[in-house]
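Right, one structure below, let's go through it.
The values are calculated or read from the model by the stated rules, or taken from the named source; none is laboratory data. None of these values were measured; they are calculated from a predicted model. Don't worry about glycine lacking a Cβ; one is built from the backbone with ideal geometry, like all the others, and counts go over all protein chains shown. All accessible areas refer to the heavy atoms of the entire protein, side chains included, with ligands and DNA or RNA removed. Shrake-Rupley method; radii C 1.70, N 1.55, O 1.52, S 1.80 Å.
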Amino acid sequence: SACLTRVRRLEKKGAVLGYRAIIDPLAIGASFEGWAEIVLTENTPAASARLMDLLDATPSVRSAYHVAGTCDFLLHFVSPSLRAWADFRLRMDDSGVVSSSRLFVVLDRPKLDAPITIARTARRGHLT
């Protein structure tokens, strides 16, 4: 089919990063969700690597983004309780790599993981 051909072409280009099931956090007992801004004590590769070690050891951190702006990283945190965030925050404090963090608690998810649209080039039928 045309759809499968397009998917295969995207896979071949390396545009498809993977396939996944989308699980409702509440269905698995993860009733606390938040985003956090993280500021490192120093913005160096070594400090980022130490933070990544901490993040890799913390399953409640679903994703991390290294960003430019007023913070160094944005973290998406999902856990059974606010207590898990507090424990993680203590581990960040103890690491000496984080100078500050600011937590934003998710109240609702009105738009969740919208699909990425694929633009077509001027040549008919070619994906960009």
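Counting only protein heavy atoms and a probe of 1.4 Å, the accessible surface of the chain is 58% carbon and sulfur.
Less than 5 angstrom separates the built amide H of V98 from those of T41, all sequence-distant by 5 or more or on a different chain. Given +1 at the Cβ of Lys and Arg, -1 at the Cβ of Asp and Glu and no other charges, the dipole of the chain around its Cα centre is 1160 debye to the nearest 20. For the stretch 5-80, applying the loop criterion from DSSP together with a ceiling of 11 other beta carbons within 10 Å to the GluC sites (Glu not before Pro) yields E42.
Solvent exposure of the chain, expressed per residue, is 71 Å² of accessible area, with all protein chains present and a 1.4 angstrom probe.
For the stretch 1-113, calculate the relative contact order in percent as a whole number, restricting contacts to Cα pairs under 8 Å that are 6 or more residues apart. Relative CO of the stretch 1-113 lands at 35 percent.
Working from Cα positions, state the angle (0 to 90°, nearest 10) between the long axis of helix 2-13 and the longest principal axis of the chain. The helix 2-13 is inclined about 50 degrees to the chain. Which one of A68, A86, A114 has the biggest mean-square fluctuation once the chain is modelled by GNM with Cα springs under 10 Å? Between A68, A86, A114, it is A114 that shows the largest mean-square fluctuation. Highest-first packing order for the peptide set 69-78, 14-23, 100-109, 50-59 is 69-78, 50-59, 100-109, 14-23, based on the mean count of other beta carbon atoms within 10 Å.
Dividing the summed helix terms, -39500 (n - 2.57) for each DSSP H run of n ≥ 4, by the number of residues in the chain produces a 222 nm estimate of -9500 deg cm²/dmol to the nearest 500.
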